[in-house]
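Single-structure report; data block below.
The values are calculated or read from the model by the stated rules, or taken from the named source; none is laboratory data. All of these numbers come straight from a predicted model, not from anything done at the bench. Please note: Cβ atoms are built from the backbone with ideal geometry, for glycine as well, and neighbour counts cover all protein chains shown.
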Amino acid sequence: MRFFIWWNIKTMNILIVGNGFDLSHYLPTKYDHFMDAMQEIENKKLEKPVTDLLETPLDSIGDLIVKYFQFKTVVNKETYEINFNQLFVNCRDSGFISKTFDFYKVENSKLTFEQIVELQLRLAKNSWYKYFKKHVQDVKTWIDFEKKIESALVLIFKYINEINLKFDKYGKFEKPIKLRTKSNVEKSDGHIYMSHVDIEQLIILNFCLNNTHENNINFGGLGLINHEWFNVEKKSEYGFSTEKYINYLHSELEDFIEIFNLYLKLVVDKLEPKTQFKIESKDWVQPDHIFSFNYTNTFQKFYQNNVKTEYLHGKFGEQQNIVLGISDLEDESLRKLKAYGFTKYHQKLFKDTEYLFLDECSEVKQQIRSLKHSGDDINFRIWGHSLDRSDQEYIKEIFKLNDEEDVGVRVTVYYFNDSAKFVLLNNLLDILKKDKVEKWMKNKWLIFEPNPEINFGV
């Protein structure tokens, strides 16, 4: 193995991994895997004392645990564990999960009674989870997940703006929400008008309440603006607090992230290979440095612990700093909303992730600079990253390294199949534009190769 001291290196090999790297190892880290497992946890039947407790309003998980200990003697905890098979018994990706069973010991990948109770409470309370559960058929990937957050925020701003306009014009807004029709879409009064689809989504996100919360259920509205978000609770005459509601939504997203962290920690990380894995492709070279867009530590766990890895979007664990959000506030309305807490760059700064990448001050950039005129290659190998626009700032940093002159930067993009290769090339063209992609491919600076072969030893 070559030394990792930059002035002694002749060739540098940098591995960039995305979720496809974990999936190549049959780790259940797809969005679908996570949501299907959460569904099984939700559906797990517990004994009546626990069920009754979960249906009782509680302020915190701490309250739940206190009450749990009050009746734990009547509960057979072992009966209420969930093992790996039970978690994925109804998984939509059954062929993938069968491979996981083939290659991993799954015995330790299970949830205890206490963990199930905690997760059931979190899932029952979390607005974002309920929102994505409603759209489970629409959202297939983590990129779709990001786009769905953005569309929800745009919808929310639409009605916050409408509420504020009504308040400015009339000095108030009416709490009951009316059905939007062609005839009343421009009606001048203090009411907020919504479609059935919009209010359904906003009830899930706790922006609105359904009409069962009104003492008189015959008041004629679709629902109510949630009085929790007024500047003075229950008093609409003091106006709507955008800050209160956005802070609530952000807190709910952080709790959703913690739910996902628990999934990675209690389910994915507990999987142990049945045998030692080996990457056996003839052109495979061990990396000197890894940049990971994943939250898992898959390469270190399965192959080599001493390769320095930087987690650009954070890492799971007890001190998790997972980044999960939208790439930017593309919509002007979201900038007015100051919804920066939902962006990846805000989260990376706030959570202090290893986000510098090829910054001028970074160790890797210094190494690249030292090799600039040596005639040796600086090899980037990208495995399992979608090259989507959401990470375009990182992609552009790589492909500008040969801009002024050929400094020996070479990029290999690994792909799962021809369909994946098509999408990867499409995404690069979208970000880098035709001239740059053509230049890199004609000069053999950029090549596409099938994913390296993994020997699972089974």
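So which residues in region 133-145 are assigned to a loop (DSSP other than H, G, I, E, B) and either hydrophobic (A, V, I, L, M, F, W, C) or free of Cβ contacts under 8 Å to residues at least 40 places away in the same chain (or both)?
His135, Val136, Gln137, Asp138, Val139
Exactly one residue among Gln286, Gln320, Gln304 is at pLDDT 95 or above and either acidic (Asp, Glu) or part of a loop (DSSP other than H, G, I, E, B) (or both), and that residue is Gln320. Are any of the residues in region 415-424 over 24 Å from Glu453 (Cα atoms), hydrophobic (A, V, I, L, M, F, W, C) and assigned to a helix (DSSP H, G or I)? No, every residue in region 415-424 fails to be over 24 Å from Glu453 (Cα atoms), hydrophobic (A, V, I, L, M, F, W, C) and assigned to a helix (DSSP H, G or I).
Of the residues examined, Ser333 is one that is of a type in the set (S, T, N, Q), in contact with a helix residue (DSSP H, G or I) (Cβ under 7 Å, 6 or more places away or on another chain), surrounded by fewer than 19 Cβ atoms within 10 Å (Cβ to Cβ) and not assigned by TED's automatic domain parsing to the domain that holds Leu15.
Is at least one residue of region 118-132 part of a loop (DSSP other than H, G, I, E, B) and without any contact (Cβ under 8 Å) to a residue 24 or more places away in the chain? Looking for residues that are part of a loop (DSSP other than H, G, I, E, B) and without any contact (Cβ under 8 Å) to a residue 24 or more places away in the chain, one finds none in region 118-132, hence no. Checked against the criterion of being surrounded by fewer than 20 Cβ atoms within 10 Å (Cβ to Cβ), at pLDDT 95 or above, touching an Asp or Glu at 6+ places or on another chain (Cβ under 9 Å) and among the charged types (D, E, K, R), the candidates Glu453, Glu397, Glu438 yield just one match: Glu453.
Hey, does region 405-417 have a residue that's more than 23 Å from the chain's Cα centre (by Cα), at pLDDT 95 or above and farther than 16 Å from Ile16 by Cα? Looking through region 405-417, at least one residue is more than 23 Å from the chain's Cα centre (by Cα), at pLDDT 95 or above and farther than 16 Å from Ile16 by Cα. From the list Ser281, Ser251, the lone residue that is of a type in the set (Ser, Thr, Tyr) and closer than 30 Å to Phe173 by Cβ is Ser251. Within the set Arg369, Arg381, the sole residue that is in contact with a Pro (Cβ under 9 Å, 6 or more places away or on another chain) and basic (Lys, Arg) turns out to be Arg381.
Which residue, of Lys308, Lys301, is in contact with a strand residue (DSSP E or B) (Cβ under 6 Å, 6 or more places away or on another chain) and surrounded by fewer than 21 Cβ atoms within 10 Å (Cβ to Cβ)?
Working: Lys301 fails: in contact with a strand residue (DSSP E or B) (Cβ under 6 Å, 6 or more places away or on another chain).
The conditions single out Lys308.
Scanning region 278-293 for residues that are touching a strand residue (DSSP E or B) at 6+ places or on another chain (Cβ under 6 Å) and not aliphatic (A, V, I, L, M) yields Lys278, Glu280, Pro287, Asp288, His289, Phe291, Ser292.
Within region 328-343, is even one residue closer than 30 Å to Thr11 by Cα and in contact with a Phe, Trp or Tyr (Cβ under 8 Å, 6 or more places away or on another chain)? No: region 328-343 contains no residue that is closer than 30 Å to Thr11 by Cα and in contact with a Phe, Trp or Tyr (Cβ under 8 Å, 6 or more places away or on another chain). The residue that is nearest to the chain's Cα centre (by Cα), counting only those in region 250-283 that are of a type in the set (Asp, Glu) and not in a helix (DSSP H, G or I), is Asp269.
Being under 30 Å from Phe456 (Cα atoms), part of a strand (DSSP E or B) and not hydrophobic (A, V, I, L, M, F, W, C) is a condition met by no residue of region 230-249.
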